[in-house]
1. What number goes with the only condition from (1) part of a helix (DSSP H, G or I); (2) within 16 Å of the ligand (Cβ to nearest atom) that K20 does not pass?
2. I want to confirm something. Restricting to the stretch 63-90 and keeping residues that are in a loop (DSSP other than H, G, I, E, B), among the aliphatic types (A, V, I, L, M) and closer than 19 Å to F239 by Cβ, which single residue is nearest to the chain's Cα centre (by Cα)?
3. Just one of (1) in a loop (DSSP other than H, G, I, E, B); (2) acidic (D, E); (3) in contact (Cβ under 8 Å) with a residue 24 or more places away in the chain trips up E113, so point out which.
4. Just wondering, is there one or more residues in the stretch 21-30 that are buried (at least 19 other Cβ atoms within 10 Å of the Cβ), over 14 Å from the mean Cα position of the chain (by Cα) and either at pLDDT below 95 or not hydrophobic (A, V, I, L, M, F, W, C) (or both)?
5. Pick from A248, A260, A244: which is among the aliphatic types (A, V, I, L, M) and in contact with a Lys or Arg (Cβ under 9 Å, 6 or more places away or on another chain)?
Amino acid sequence: MTVLHARTEPRPLWLGTSWKMTKTLAESRAYVEELGHTVVPEGVQAFLLPPLTSLHVVLDALPTGSPVLVGVQNAHWGPDGPMTGEVSMTQVRDAGAQVVEIGHSERRGLLGETDEMVAAKVAAALDAGLVPVLCVGEPWSVRSAGRADAYVADQVRSALADVDPDDVSRVVVAYEPVWAIGEGGRAAEPADVVGVLDAIRGAVADLAPGVRLRALLYGGSVTTENATDLLDLDLDGLFVGRAAWTAAGFTALLSLGGRAVDRRDELSSTHQPRSR
Ligand SMILES: O=C[C@H](O)COP(=O)(O)O
């Protein structure tokens, strides 16, 4: 069962995709050219996170004035300098990125990214004027032990430890349970998600009383089949992998996002106090 929530103006519904380690330059250009014909529904904030190699192609191929935000899937926390193979937040900003993904579970689990590195990256992203999309989420062992809420709240507290409370409103958090991501993952049921979203909001309230995140998203095996139920939860959007790796897939999800915005707006208007 899902519970529909009114949209609180002017908060948009975010719908974004990371292409992870897929797509050549030609494939990236073809995707964006196809997407170029899509009108992003009003009230939806779309974002694309191509591989770093395709950043420029994506920026070039988007129509002038496109509302789609473009970013990268990772950057280093340090200043420019001797760090072979890495790129800094300043460098990706200079290359045109507006958004940077931080702390995806594939990087934490497979590439040794620690909570400390994640926290340093969030602070560095904000310093560079980027929108950090901070990924958090529990492995199945933690979920099955009934500790998902506490585990994810700890990840959020740790990642935002070095952030000025006022800047918490510039951070997007994506709740992505590790067991829900990628091939072999299974999408979380709405009931799996709500408690963790509340725990994230609770952790943010402890760190920055009265401050709301820029957006709180869900990600992990999102498809056109489950997006509507997920978008009827009290969250600000979805972060999608495979289902948006074609322009047609992303377009279909944007359209579902537009319908979710309409439902939220309708609900808001029916809850307006009557004028006297
Ligand atoms: O970056 C997106 C998430 O990791 C979800 O990926 P997925 O939708 O392919 O499960």
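The values are calculated or read from the model by the stated rules, or taken from the named source; none is laboratory data. If you're wondering where the values come from, they're calculated on a predicted model, not measured in any experiment. Cβ sites come from the backbone with ideal geometry, for glycine too, and all protein chains shown count toward neighbours.
1. Tallying (1) part of a helix (DSSP H, G or I); (2) within 16 Å of the ligand (Cβ to nearest atom), K20 fails exactly one: (1).
2. Filtering the stretch 63-90 for residues that are in a loop (DSSP other than H, G, I, E, B), among the aliphatic types (A, V, I, L, M) and closer than 19 Å to F239 by Cβ, the one nearest to the chain's Cα centre (by Cα) comes out as V68.
3. (3)
4. The answer is yes, given that some residue of the stretch 21-30 is buried (at least 19 other Cβ atoms within 10 Å of the Cβ), over 14 Å from the mean Cα position of the chain (by Cα) and either at pLDDT below 95 or not hydrophobic (A, V, I, L, M, F, W, C) (or both).
5. Every option except A260 fails the conditions.
Matching residues to (1) within 16 Å of the ligand (Cβ to nearest atom); (2) within 18 Å of A174 (Cβ to Cβ); (3) hydroxyl-bearing (S, T, Y):
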residue	(1), (2), (3)
R11	no, yes, no
E33	no, no, no
G43	no, no, no
P50	yes, yes, no
V68	no, yes, no
M83	no, no, no
I102	yes, yes, no
S105	yes, yes, yes
